[in-house]
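Novice: Structure provided below as structure tokens; questions to follow.
The values are calculated or read from the model by the stated rules, or taken from the named source; none is laboratory data. Everything numeric in this text was worked out from a predicted model, so none of it was measured. Note that each Cβ is placed from the backbone with ideal geometry, even for glycine, and that neighbours are counted across all protein chains shown. Each accessible area value is taken on the protein alone, full model and side chains, heavy atoms only, with ligands, DNA and RNA left out. Shrake-Rupley method; radii C 1.70, N 1.55, O 1.52, S 1.80 Å.
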Amino acid sequence: MGRPPLVPPGAELTAQERTRYARHLLLPDVGSDGQRRLRAARVLVVGAGGLGSPALLYLAAAGVGVIGVVDDDVVDTTNLQRQVVHGVADVGRPKTESAADAVHAISPTTQVVQHGERLDEATALGVIADYDLVLDGADNFPTRYLVGDACARLGVPHVWGSVYRFDGQVSVWWAGEGPCYACVFPHQPPPDAVPSCAVGGVLGAVCASIGSVMATEAVKLVTGIGEPLVGRLLVHDALRQTWDALPVTADPGCRVCGSGADATRPLGWATGVPADVEEAAVASAGRPGVDVGALSALLDAGEVDGTEALLLDVREEGERAIVALPGGAWLPIGDVRAGEPVPGLVAGARVYVYCKSGARSAEAVDLLRGRGVDAVNVEGGILAWVAQVDPTLPTY
Ligand SMILES: [Zn+2]
């Protein structure tokens, strides 16, 4: 079902603009009217990363008048494999600055508003209220739920995408017109429960596929052309090169946009903290841990030798290929969950468990201790090791 344009047209186009946007003006149903709507549009892009990058470039090229960019991060070398608004010279710069430069290189008349802070409960509504629609390319669940909640409260369309490895998903959430994000994904996963691209990897060009769908949806919504992805979840498998559109519907009892809504609840936690997260938080209080400095001393002293104590990596194979501590055993977290035995573990020996940053290893420690193994969590994981013990090692 088509919908009316989101943005009223601004002033007539100049001769220069008619030349610049000629290929849009030729399009049925876009024309100069649609181009004026794009120039009058205010679009917020959350995350100047893998999805935000292609979306930003196409929104700029399309002549969107105001583009807001939310990102609190700086450009890192590992970003360059997919985050195409940033270049080698931008490493270390705030992503919002780098993204603003990329937008201005394409469209000097586009106004870029840099939001260099992560959106939170206090700021999200105020920031988003200044825009006609939001493109959400956030890489973490708390931000997605926060943005989804704020958009639903404000009635702003929430163009959402996510990527993982060779797969992508994209939809337009829009409370009142179709489902909101929480209608379809009602439960916020516990932190680190779902693998992220930083752990599982992502094919860079898949970000372009999903990010450009997001930009297309934004242009459609602004100009009122076609049928937006409201009520449909588009699922992309790049290895099979397939796109499937799954119907999704609003949940009448949704705690964000339906009868279960409560405007007094904290933004972004509309779905409540699942009981298992609270249990995990309680369990963490009594979990034995060791910091990387102490572990380094134990290794240097030869006290982690396999018979008295064993080092265990619970990460995936690809992560180990980038960086790993010397020696020790390897059992990916999925195998730990499945109850597989720790290779080479001598009965009674202590197991020092590490992962990337300490979350998966904490889960593994709890599981192993539940099976009677003397497991200890290496706090901060390999990232802490690189930061504090050996900065010459690569990170990811
Ligand atoms: Zn909802």
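Novice: Within segment 57-78, can one find any residue that is open to solvent by 40 Å² or more (accessible area, probe 1.4 Å) and among the aromatic types (Phe, Trp, Tyr)?
Specialist: yes
Novice: In addition: Quick one: residue 220 ticks every box in (1) assigned to a helix (DSSP H, G or I); (2) surrounded by fewer than 21 Cβ atoms within 10 Å (Cβ to Cβ) except a single one, so which number is it?
Specialist: Tallying (1) assigned to a helix (DSSP H, G or I); (2) surrounded by fewer than 21 Cβ atoms within 10 Å (Cβ to Cβ), residue 220 fails exactly one: (2).
Novice: Given the condition over 21 Å from residue 72 (Cβ atoms) and either without any contact (Cβ under 8 Å) to a residue 12 or more places away in the chain or within 15 Å of the ligand (Cβ to nearest atom) (or both), answer yes or no: does some residue in segment 137-145 qualify?
Specialist: No, there is no match, as no residue in segment 137-145 is over 21 Å from residue 72 (Cβ atoms) and either without any contact (Cβ under 8 Å) to a residue 12 or more places away in the chain or within 15 Å of the ligand (Cβ to nearest atom) (or both).
Okay, residues lined up against (1) of a type in the set (Phe, Trp, Tyr); (2) farther than 21 Å from residue 215 by Cβ; (3) in contact with an Asp or Glu (Cβ under 7 Å, 6 or more places away or on another chain):
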residue: 82; (1), (2), (3): no, no, no
residue: 87; (1), (2), (3): no, no, no
residue: 94; (1), (2), (3): no, yes, no
residue: 102; (1), (2), (3): no, no, no
residue: 117; (1), (2), (3): no, yes, yes
residue: 140; (1), (2), (3): no, yes, no
residue: 144; (1), (2), (3): no, no, yes
residue: 155; (1), (2), (3): no, yes, no
residue: 162; (1), (2), (3): no, no, no
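Novice: Continuing with the same structure: Restricting to segment 369-393, name every residue that is among the aliphatic types (A, V, I, L, M) and over 11 Å from residue 288 (Cβ atoms).
Specialist: 373, 382, 383, 384, 386, 387, 389, 393
Novice: Same structure again: Residue 271 fails exactly one of the following numbered conditions: (1) surrounded by fewer than 16 Cβ atoms within 10 Å (Cβ to Cβ); (2) within 30 Å of residue 178 (Cβ to Cβ); (3) at pLDDT below 75. What is the number of that condition?
Specialist: Going through the list (1) surrounded by fewer than 16 Cβ atoms within 10 Å (Cβ to Cβ); (2) within 30 Å of residue 178 (Cβ to Cβ); (3) at pLDDT below 75, residue 271 breaks only (1).
Novice: Moving to a separate point now. Which residues, counting only those in segment 247-259, are at pLDDT 90 or above, in a loop (DSSP other than H, G, I, E, B) and more than 9 Å from the ligand (Cβ to nearest atom)?
Specialist: Across segment 247-259, the qualifying residues are 248, 249.
Novice: Just one of 262, 244 is open to solvent by 40 Å² or more (accessible area, probe 1.4 Å) and modelled with pLDDT under 90; which is it?
Specialist: 262
Novice: Let me ask another. Could you list all residues from segment 356-383 that are in a helix (DSSP H, G or I), touching a strand residue (DSSP E or B) at 6+ places or on another chain (Cβ under 8 Å) and open to solvent by less than 50 Å² (accessible area, probe 1.4 Å)?
Specialist: 361, 362, 364, 365, 368, 381, 382
Novice: State the number of residues belonging to segment 151-175 that are within 14 Å of the ligand (Cβ to nearest atom), at negative phi and surrounded by fewer than 24 Cβ atoms within 10 Å (Cβ to Cβ).
Specialist: Final tally of qualifying residues: 3.
Novice: Turning to a different aspect of this structure: Which numbered condition trips up residue 109, out of (1) in a helix (DSSP H, G or I); (2) out of contact with any His (no Cβ under 9 Å at 6 or more places or on another chain); (3) hydroxyl-bearing (Ser, Thr, Tyr)?
Specialist: Residue 109 satisfies all of (1) in a helix (DSSP H, G or I); (2) out of contact with any His (no Cβ under 9 Å at 6 or more places or on another chain); (3) hydroxyl-bearing (Ser, Thr, Tyr) except (1).
Novice: Going through segment 304-336 one residue at a time, which ones are surrounded by 20 or more Cβ atoms within 10 Å (Cβ to Cβ) and without any contact (Cβ under 8 Å) to a residue 12 or more places away in the chain?
Specialist: Passing the criteria: none in range.
Novice: Does residue 102 fit the bill of being over 23 Å from residue 35 (Cα atoms) and among the hydrophobic types (A, V, I, L, M, F, W, C)?
Specialist: No; evaluated as a whole, the condition is false for this residue.
Novice: Do we find that residue 139 is open to solvent by 30 Å² or more (accessible area, probe 1.4 Å), more than 16 Å from residue 52 (Cα to Cα) and acidic (Asp, Glu) in this structure?
Specialist: It is false that residue 139 is open to solvent by 30 Å² or more (accessible area, probe 1.4 Å), more than 16 Å from residue 52 (Cα to Cα) and acidic (Asp, Glu).
Novice: Among (1) in contact (Cβ under 8 Å) with a residue 24 or more places away in the chain; (2) closer than 30 Å to residue 23 by Cα; (3) open to solvent by 50 Å² or more (accessible area, probe 1.4 Å), there is one condition residue 108 misses while meeting the rest; what is its number?
Specialist: (1)
Novice: Going by the structure shown, is residue 198 free of Cβ contacts under 8 Å to residues at least 40 places away in the same chain, surrounded by fewer than 20 Cβ atoms within 10 Å (Cβ to Cβ) and away from the ligand (no atom under 13 Å from the Cβ)? Can you show your working first?
Specialist: Values: free of Cβ contacts under 8 Å to residues at least 40 places away in the same chain: no; surrounded by fewer than 20 Cβ atoms within 10 Å (Cβ to Cβ): yes; away from the ligand (no atom under 13 Å from the Cβ): yes.
Spelling it out, it is not the case that residue 198 is free of Cβ contacts under 8 Å to residues at least 40 places away in the same chain, surrounded by fewer than 20 Cβ atoms within 10 Å (Cβ to Cβ) and away from the ligand (no atom under 13 Å from the Cβ).
Novice: Across segment 177-195, which residue is modelled with the lowest pLDDT among those that are away from the ligand (no atom under 16 Å from the Cβ) and in contact with a helix residue (DSSP H, G or I) (Cβ under 8 Å, 6 or more places away or on another chain)?
Specialist: 192
Novice: Okay, moving on. When you go through 82, 37, 42 one by one, which is the residue that is out of contact with any helix residue (DSSP H, G or I) (no Cβ under 6 Å at 6 or more places or on another chain), open to solvent by 10 Å² or more (accessible area, probe 1.4 Å) and touching a residue at least 12 places away in the same chain (Cβ under 8 Å)?
Specialist: Working: 82 fails: out of contact with any helix residue (DSSP H, G or I) (no Cβ under 6 Å at 6 or more places or on another chain); 37 fails: out of contact with any helix residue (DSSP H, G or I) (no Cβ under 6 Å at 6 or more places or on another chain).
Exactly one of 82, 37, 42 is out of contact with any helix residue (DSSP H, G or I) (no Cβ under 6 Å at 6 or more places or on another chain), open to solvent by 10 Å² or more (accessible area, probe 1.4 Å) and touching a residue at least 12 places away in the same chain (Cβ under 8 Å), namely 42.
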